[in-house]
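The values are calculated or read from the model by the stated rules, or taken from the named source; none is laboratory data. Worth saying up front: this structure is predicted, and the values here are computed from it rather than measured. Here the Cβ is made from the backbone with ideal geometry for all residues, glycine too, and neighbour counts use every protein chain on show.
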Amino acid sequence: MVENRYELTTPAAQLVEVARIAAPYKNRPEMLMNVVIEVQKVVPALSEAVAAVIAREMGIAQTHVYGFITFYAMLSVKPHGKYIVRMCKSAPCHVRGAQEIVLALEDQLNIKMGETTEDGRFTLEYCPCLGICDVSPAIMINDKTYGDLTPDSVREIIKRYIREDV
């Protein structure tokens with residue numbers, strides 16, 4: 001089993017892995033979200049080619065799969081970095097200093113929101129809400145959330161990812 005998208009170096013190998021992930025869910029459209037989340041871990045982008053393989057293996061219309069992928073903010077047709085840093089855009093995060101966190105992230109990684117670092121390690125993007133308003137401002141890096149952030153604490157978190165390649 002492939003652990004992350006950087007292990008698959010060719011598009012053909014990526015599509016073989018996509019088929020392997022989706023095949024057990026033939027005629028189970030209710031499992032589409034689970035499949036797409038697993039696929040996103042091993043391919044750099046949820047392209048039309050990826051959607052076609054998922055559709056074929058699951059027995060779902062390709063237009064349905066691609067529409068599903070493009071509907072959800074956490075899914076993307078554009079290549080992402082190894083670490084996807086999502087900044088919550090909710091009102092509680094905004095009021096409690098999200099913009100200062102964004103500025104600290106952009107400064108430390110030398111990219112703007114919506115961009116990926118040149119080395120392909122980090123992507124910065126907004127998301128509507130992380131659902132952890134009680135600890136705002138908050139970010140999510142891949143599947144891990146961090147709250148009660150300050151510019152200094154978010155810099156330390158990013159340093160840890162850089163240093164340890166978490």
Give me the residue from the stretch 38-61 that is outside any helix (DSSP H, G or I) and in contact with a Pro (Cβ under 7 Å, 6 or more places away or on another chain) and, out of that set, modelled with the lowest pLDDT. 44
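Hey, can you tell me all the residues within the stretch 1-27 that are part of a loop (DSSP other than H, G, I, E, B), modelled with pLDDT of 90 or more and surrounded by 12 or more Cβ atoms within 10 Å (Cβ to Cβ)? Spell out how you get there, then give the answer.
Narrowing the stretch 1-27 to residues part of a loop (DSSP other than H, G, I, E, B): 1-4, 8-10, 26-27.
So of that shortlist, the ones also modelled with pLDDT of 90 or more come out as 26-27.
Listed by number, the list holds a single entry, 26.
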Residues of the stretch 46-64 classified as surrounded by 16 or more Cβ atoms within 10 Å (Cβ to Cβ) and either in contact (Cβ under 8 Å) with a residue 24 or more places away in the chain or more than 26 Å from residue 82 (Cα to Cα) (or both), total: 9
Restricting attention to the stretch 28-37, does a residue exist that is surrounded by fewer than 17 Cβ atoms within 10 Å (Cβ to Cβ), under 30 Å from residue 164 (Cα atoms), in contact with a Pro (Cβ under 7 Å, 6 or more places away or on another chain) and not hydrophobic (A, V, I, L, M, F, W, C)? no
The stretch 115-129, residues that are out of contact with any helix residue (DSSP H, G or I) (no Cβ under 9 Å at 6 or more places or on another chain), without any contact (Cβ under 8 Å) to a residue 40 or more places away in the chain and in a strand (DSSP E or B): 116
Checking residue 112 against (1) assigned to a helix (DSSP H, G or I); (2) farther than 19 Å from residue 12 by Cα, only one condition comes out false. Which one? (1)
Mind checking which residues of the stretch 65-82 are buried (at least 18 other Cβ atoms within 10 Å of the Cβ) and at pLDDT 90 or above? 65, 66, 68, 69
Report, by residue number, each residue of the stretch 142-166 that is farther than 23 Å from residue 41 by Cβ, β-branched (Val, Ile, Thr) and surrounded by fewer than 15 Cβ atoms within 10 Å (Cβ to Cβ). 150
Which numbered condition trips up residue 139, out of (1) farther than 10 Å from residue 83 by Cβ; (2) out of contact with any Phe, Trp or Tyr (no Cβ under 6 Å at 6 or more places or on another chain); (3) surrounded by 12 or more Cβ atoms within 10 Å (Cβ to Cβ)? (2)
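Keeping to the stretch 90-110, report how many residues are more than 16 Å from residue 157 (Cβ to Cβ) and either not polar (S, T, N, Q) or not assigned by TED's automatic domain parsing to the domain that holds residue 148 (or both).
Step one: of the stretch 90-110, the residues more than 16 Å from residue 157 (Cβ to Cβ) are 90-92, 94-96, 99, 110.
After this cut, where a residue has to be either not polar (S, T, N, Q) or not assigned by TED's automatic domain parsing to the domain that holds residue 148 (or both) as well, the list is 91-92, 94-96.
Looking only at that region, the number is 5.
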